[in-house]
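Here the structure is laid out as structure tokens; the discussion comes afterwards.
The values are calculated or read from the model by the stated rules, or taken from the named source; none is laboratory data. Because the structure is predicted, anything quoted here is derived from the model rather than measured. Quick reminder, even Gly has a Cβ in these numbers, built from the backbone with ideal geometry, and neighbours come from all protein chains shown. Surface accessibility is based on the protein's heavy atoms, side chains included, excluding ligands, DNA and RNA. Shrake-Rupley method; radii C 1.70, N 1.55, O 1.52, S 1.80 Å.
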Amino acid sequence: MALTVKTLTSLAQETTVASGFIRDEDERPKVAYNAFSDDIPVISLAGIDDMDGRREAIRNNIVEACENWGIFQVVDHGVDQKLLSDMTRLARDFFALPPQAKLRFDMSGGKRGGFIVSSHLQGESVQDWREIVTYFSYPIRERDYSRWPDTPEGWKAVTEEYSEKLMGLACKLLEVLSEAMGLEKEALTKACVDMDQKVVVNYYPICPQPDLTLGLKRHTDPGTITLLLQDQVGGLQATRDNGKSWITVQPVQGAFVVNLGDHGHFLSNGRFKNADHQAVVNSNYSRLSIATFQNPAPNAPMYPLKIREGEKPVLEEPITFAEMYRRKMSKDLEISRMKKLAKEKKLQDLEKEKQLQETRGHTSLKEILA
């Protein structure tokens, strides 16, 4: 089957995975989607606005999680549960639409926002087993509502409110991390210059051969901080030993999974980890998650905000976020290209060896019959 797949609706009914989705063996899942771990801390934010011992305790818990994993979950976060339910319901309703309805918002060809299968990145050699719809919600002046789905009914109003609440929660978490670094509480937010927000709604259909593919390949987020709302199916995985071992994050009803990105990692001079993660799929249930990425403005300068005594800066010189992102994507695509070339060479070598063995076999047969 060709790699240019429009939707995954029909493929989810197949008995095998199309070759374009099959990962190399070293990239395939090692841990099941529902083999849950409680290693990732769940932190209550109740009392985070109280400038007393409770805020300090919350800050200490968040800092410990960021130093160990770069990922944690938050409950008692103040975002209304009905809003979360409405957002999830509308997202599921969108992905249940017929292919032609979703493809009205096709974002292939470089469009800024909309619907696509796998990834908006160009040049990926292997596709992810997912459909996504994405929109850019901040800065508000740059919103392009023509790229936001207008179905199902109510999508725009709910997603506007959701974006606003998530922006507030993200800034609150960045305030705590700024304080932990010994800086004014607005330091990390100010370092973003004019904070950008992108919402990506991920839909992972049932997969006939989940052991061969990934819903989302291993990566770190490029931005400052990410907040993920996920359903109860499971599939988000994290590693802190460069992929030697993986854990599946335990879904917690109504919680947000929070992880730091590359920008947050560099601003802290490497103190806070940029979470290394991926998503796996399964053959039993579809899965939905909603990722809200808080990123700096493209021209925001990037350099550690504070370098502790005895440390060296993790960056040689300041660069813009746009340049960092360009380098990251170029490196990822180059690694992907080299792996593809290596795979093609291996296949060619195997074919040559097969032909050589066949030639030797024919020669031996002639000698016997001579």
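For the peptides 142-155, 208-221, the ranking by mean Cβ contacts within 10 Å, running from highest to lowest, is 208-221, 142-155.
Any idea what diffusion coefficient segment 162-232 gets from Stokes-Einstein, in µm²/s, Kirkwood Rh on alpha carbon pairs, 10 °C, 1.306 mPa s? Once the numbers are plugged in, D ends up at 107 µm²/s.
Summed over the residues of the chain and divided among them, the accessible surface reaches 49 Å² per residue at a probe radius of 1.4 Å. The heavy atoms of Asp349 present about 70 square angstrom of accessible area, all protein chains included, probe 1.4 Å.
Shown for segment 221-370: the carbon plus sulfur share of the solvent-accessible area, taken with all protein chains present and a 1.4 angstrom probe, equals 55%.
Here segment 301-316 and segment 194-237 have alpha carbon centers that stand 30 Å from each other. Using a ≥ b ≥ c from the Cα gyration tensor of segment 265-326 (square roots of the eigenvalues), is it rounded, prolate or oblate, where a/c under 1.5 gives rounded and otherwise the larger of a/b and b/c decides, a/b for prolate? Prolate. Each label point was placed 7 Å from the Cα along the Cα-to-Cβ direction; for Arg112 and Arg28 their separation is 4.1 nm.
For segment 98-103, 3J(HN,Hα) computed residue by residue from phi via the Karplus equation (6.51, -1.76, 1.60; θ = phi - 60°) reads x, x, 5, 6, 5, 6 Hz, glycine and proline entered as x.
Take each peptide in 13-22, 193-202, count the other Cβ atoms within 10 Å of every residue, and average; sorted highest first, the result is 193-202, 13-22.
Roughly how many percent of the accessible protein surface of segment 142-189 is carbon and sulfur, given a 1.4 Å probe and a whole-percent answer? Carbon-and-sulfur percentage of accessible area, whole number: 47. Using C-alpha pairs below 8 Å separated by at least 6 residues, the relative contact order for segment 113-221 is 36 percent.
Based on C-alpha pairs under 8 angstrom that are at least 6 apart in sequence, segment 48-204 has a relative contact order of 24 percent. Once you reduce segment 1-77 and segment 104-172 to the center of their Cα atoms, the two points are 19 Å from each other. Note on the chain: along the principal axes its Cα atoms extend 96, 56, 38 Å, ordered by decreasing extent. In this structure, the residue pairs whose Cα-Cα separation is over 26 Å, taken from Lys185/Lys217; Lys217/Lys346; Lys165/Lys306; Lys312/Lys339, are Lys185/Lys217; Lys165/Lys306; Lys312/Lys339. Dividing the summed -39500 (n - 2.57) terms of all DSSP H runs of n ≥ 4 by the residue count of the chain sets its mean residue ellipticity at 222 nm at -11000 deg cm²/dmol. Using C-alpha pairs below 8 Å separated by at least 6 residues, the relative contact order for the chain is 21 percent. The listed peptides 55-64, 277-286, 328-337, ordered by packing as a protection proxy, come out as 277-286, 55-64, 328-337 (highest mean of other Cβ atoms within 10 Å first).
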